[in-house]
1. Just to be sure I follow the rule: in the chain, considering lysines 8 or more places apart or on different chains, how many pairs have Cα atoms under 15 Å apart?
2. Relative to the longest principal axis of the C-alpha atoms of the chain, give the angle of the C-alpha long axis of helix 13-25, reported between 0 and 90° and rounded to the nearest 10°.
3. Taking only C-alpha pairs under 8 Å that are 6+ residues apart, what is the relative contact order of the chain in percent?
4. For helix 84-93, what angle does its Cα long axis make with the longest principal axis of the chain, in degrees from 0 to 90 and rounded to 10?
5. Starting with the highest mean, order 36-42, 61-67 by the number of other Cβ atoms within 10 Å, averaged over the residues of each peptide.
6. Using the crude model of +1 on Lys and Arg Cβ and -1 on Asp and Glu Cβ, and no other charge, please compute the dipole size for the chain relative to its Cα centre, in debye to 20.
7. Give me the number: length gained by fully extending residue 55 to residue 2, i.e. 0.36 nm times residue separation minus the C-alpha to C-alpha distance, one decimal in nm.
8. Points 7 angstrom from Cα along the Cβ direction at residue 77 and residue 23: gap in nanometres?
Amino acid sequence: MSRSVWKGPFVDGYMLKKADKARASGSNAIIKIWSRRSTILPQFVRLTFGVHNGHKHIPVLVTEDMIGHKFGEFAPTRTYHGHASDRRARRSAG
């Protein structure tokens, strides 16, 4: 279920402060965040966020197309190594 329109998008307060500070200083440093649930706002465009995936921070450069999405969508938490059965079939055939 999606969030109510009258509440507006959810963004952690500390992220807004960090983004405003980075935009004011004009620095290109990565802003480390742990809030994967926060929505990407228009004032985050052209900033680089390090989104934590449970293991490390994945750098995400925010573009206009990302507005309205969540930060967690751009930092996958699982690594897909393929199906084991596919590797076995390939080994026995070759």
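1. Numbers: 17/32; 18/32; 21/32; 32/56.
Lysine pairs, 8 or more places apart or on different chains, close enough: 4.
2. 70
3. Working: 113 pairs, mean separation 20.6, N = 94.
Once divided by the residue count of the chain, the mean separation gives 22 percent.
4. Result, in degrees: 40.
5. Numbers: 36-42: 17.0, 61-67: 13.9.
Ranked by mean Cβ neighbours within 10 Å, highest first: 36-42, 61-67.
6. Values: 17 positive and 6 negative charges, 82 e Å.
Once rounded to the nearest 20, the dipole reads 400 debye.
7. Values: separation 53, 0.36 × 53 = 19.08 nm, distance 2.77 nm.
Net length gain for the segment: 16.3 nm.
8. In this crude label model, residue 77 to residue 23 measures out at 2.9 nm.
Rule-based calculations on the coordinates, nothing more; no lab input. Just so it is clear, the structure is predicted and the values come from calculations on it, not from any experiment. Here Cβ is always computed from backbone atoms with ideal geometry, including for glycine, and neighbour counts include all displayed protein chains.
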